[in-house]
1. With a/c under 1.5 counting as rounded, go ahead and sort region 10-201 into rounded, prolate or oblate using the C-alpha gyration tensor (a ≥ b ≥ c being the square roots of the eigenvalues; past the cut-off, prolate if a/b is larger than b/c, else oblate).
2. Roughly how many nanometres apart are two label points built 7 Å out from the Cα toward the Cβ at Thr43 and Met123?
3. What is the fewest-to-most order of Met108, Met187, Met93, Met123 by other Cβ atoms lying within 10 Å of their Cβ?
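Computed from the coordinates by the stated procedures, all read-outs in this text should not be read as laboratory data. Nothing here was measured: the structure is a model prediction, and the numbers come from that model. A quick note on method: Cβ atoms are made from the backbone with ideal geometry, for glycine too, and the neighbour counts reach across all protein chains shown.
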Amino acid sequence: MRLFLTRKYDNYILFFSLVGVLFLLPFLNALPILRFALVGQYTFVMFYLVFSARHTRGLYLIDIAFVVPTLLATWIDSIFQNDYTFVASYLTMGIFFLYLQFLIIKQMIHAKKVDTNIIFGAMNIYLVAGLIWAYAYVLLAHFDGNAFHMPTYEAMKDVEIFTYYSFTTITTLGYGDIVAQSAQARMLSVLEAVFGQLYLAIVIAKLVSTSWRADWDIRMLENSEKTNL
C-alpha cells in the first residue's frame, strides 16, 4: 500500500492552498465573512487529499476518518462559535494536519529523485508544521489565559496572532512582542524552534543525498551501456 501523495502536482496545489490560508488569516477580524472562505480553503485541501486517486479503498477510509470529523468541527464552529466548537475545531484541525504531515514526509523519504514537486513538498512540511504549532498555541491559550504575554489589544483566541507567533518561533526570529509565560508554552516554543533548525539541516541533507544518488545511478547506467557496446 502506498500511503503518501503520489500525483505529480500534489505538492504544488497543497503549497498554494496553504499560502491562501496564511493570506486570509490577517483579514478575519476586519471581515468576519472571510471565515467561511478560510474554512472553504481548508475544505478544498481535505477533499483534494481524499480524491487524489492515489490508493486503495482501505486508505480512502483512513483519509475520510481524518477529514470528516475535521470538516464537521470547523464548519460547525464557523456558524455557532462557542467554546466547545472552538476546541473541537482546532483539535481536529491539528490532528488532520499531523496526518497530512505524515503523508508528505513519507513521500520525501521514498523519493527517488529531486524534482520541483519534492521541493514544494519540503516547503509544505515547514508550512504545515507552523500551522500545527499555531493550533497548539491557540488551544493552550484557550485553557490557560496566562500562558502567553502579549499586547493588550490582541485577542488570546485569535489564530492569526498565534500563527504569527508560531512562524516567528519556527524561524527563530523572536520579535519579543509575544512571550511564552507558562512552562507548557515555553516548552512548546522551544520544541518548535529546535524543529525549525533541525528540519532545515535534515531536509537539505536529504535533498542533496537523493539528488546525488539519482545522478550516480544515471552515470552507472550510462557506463554500463558503454561497456556493453
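1. oblate
2. Inter-label distance under the simple model: 2.7 nm.
3. Met187, Met123, Met108, Met93
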